[in-house]
Amino acid sequence: MKKYPTALRDLNLSLYSPMAYIFMVVFVGLLLFFFYRGFFVVGEASMRFLFSTLPWFFIILVPALTMKSFAEEKKTGTIEILLTYPDNPGKIVFEKFLASFLLLTIALAFTLFVPITLMLIGSPDIGEIISGYIGALLLGGAYVSIGVFASSLTRNQVISFILGVIFSFVLFFLGSPIFTMGLSDSIASLLSYLSLSSHYDAMVRGVIDTRDVIYYLSVMFIFLYATYYRIETRR
């Protein structure tokens, strides 16, 4: 019998699951609601407000998307079967990440009619929109890797969700006064650099810096490697 990659299997199961559609409806619906509410108040043909609210939705909804990645496999016992495959655990981890990231990308694609609408009624900055979407995909990828790692720590999906939210919140607001108050300027500057928000804010403003891209890819690598280590140890 032909064995499909874990990513295709998980994505196929997600697309046939009501939870995937609930995720997309909630994600896109809430995001567009808050965007258009602010858009009609400001009256500016810009997507900055949408991109600035996006991280808040990611913090809550991405852990809900990834909480089943390994927690469900552990709970049902299928993780033992999965680990008997000749595939390297690193490949399994990456495919789990890829399945959730593809689903998140599909959800983001449903918001593309917003810039199309803006181009019909005004003259938005196309470069800023493209930069914002690139930043959203990189930020989303970082959150997915964090959520997959959180899922590898437990067999309980609720605990996986809570851990994913906590890790994501801390990393995004690491450079804010909540964490830097009372610290020296050098440490505060370091925490600000390590936070997800400082690199994302630059892209929302239309600036794509190679260092920001490398930063997000590094975050994904670190959390996926940590997940690989957890799975390899179990194996």
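Residues checked against (1) β-branched (V, I, T); (2) modelled with pLDDT under 85:
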position	(1), (2)
T111	yes, no
T117	yes, yes
I121	yes, yes
G127	no, no
S131	no, no
A150	no, no
D185	no, yes
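For (1) touching a residue at least 40 places away in the same chain (Cβ under 8 Å); (2) under 16 Å from the mean Cα position of the chain (by Cα); (3) under 15 Å from L139 (Cα atoms), each residue gets a yes or a no:
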position: S168; (1), (2), (3): yes, yes, yes
position: L174; (1), (2), (3): no, no, yes
position: D185; (1), (2), (3): no, no, no
position: A188; (1), (2), (3): no, no, no
position: Y193; (1), (2), (3): no, no, yes
position: M203; (1), (2), (3): yes, yes, yes
position: V219; (1), (2), (3): yes, yes, yes
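Filtering region 121-137 to residues that are in contact (Cβ under 8 Å) with a residue 24 or more places away in the chain and part of a helix (DSSP H, G or I) leaves I121, G127, E128, I129, S131, G132, Y133, I134, G135, A136, L137. The one condition from (1) farther than 22 Å from A202 by Cα; (2) more than 18 Å from the chain's Cα centre (by Cα); (3) surrounded by 14 or more Cβ atoms within 10 Å (Cβ to Cβ) that L118 does not meet is (1).
Before we move on, is K68 in contact with a helix residue (DSSP H, G or I) (Cβ under 7 Å, 6 or more places away or on another chain) and charged (D, E, K, R)? Spelling it out, K68 is indeed in contact with a helix residue (DSSP H, G or I) (Cβ under 7 Å, 6 or more places away or on another chain) and charged (D, E, K, R).
Here is a yes/no grid of residues against (1) surrounded by 19 or more Cβ atoms within 10 Å (Cβ to Cβ); (2) modelled with pLDDT under 75:
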| residue | (1), (2) |
| --- | --- |
| G38 | no, yes |
| V42 | no, yes |
| K91 | no, no |
| F97 | yes, no |
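Taking region 138-235 and the helices (runs of 4 or more DSSP H) fully enclosed by it, the elements with 2 or more residues that are among the basic types (K, R) are at 210-234.
The values are calculated or read from the model by the stated rules, or taken from the named source; none is laboratory data. Bear in mind that the values here come from a model prediction, so they are computed numbers and not experimental data. Neighbour counts run over all protein chains shown; Cβ positions are idealised from the backbone, glycine included.
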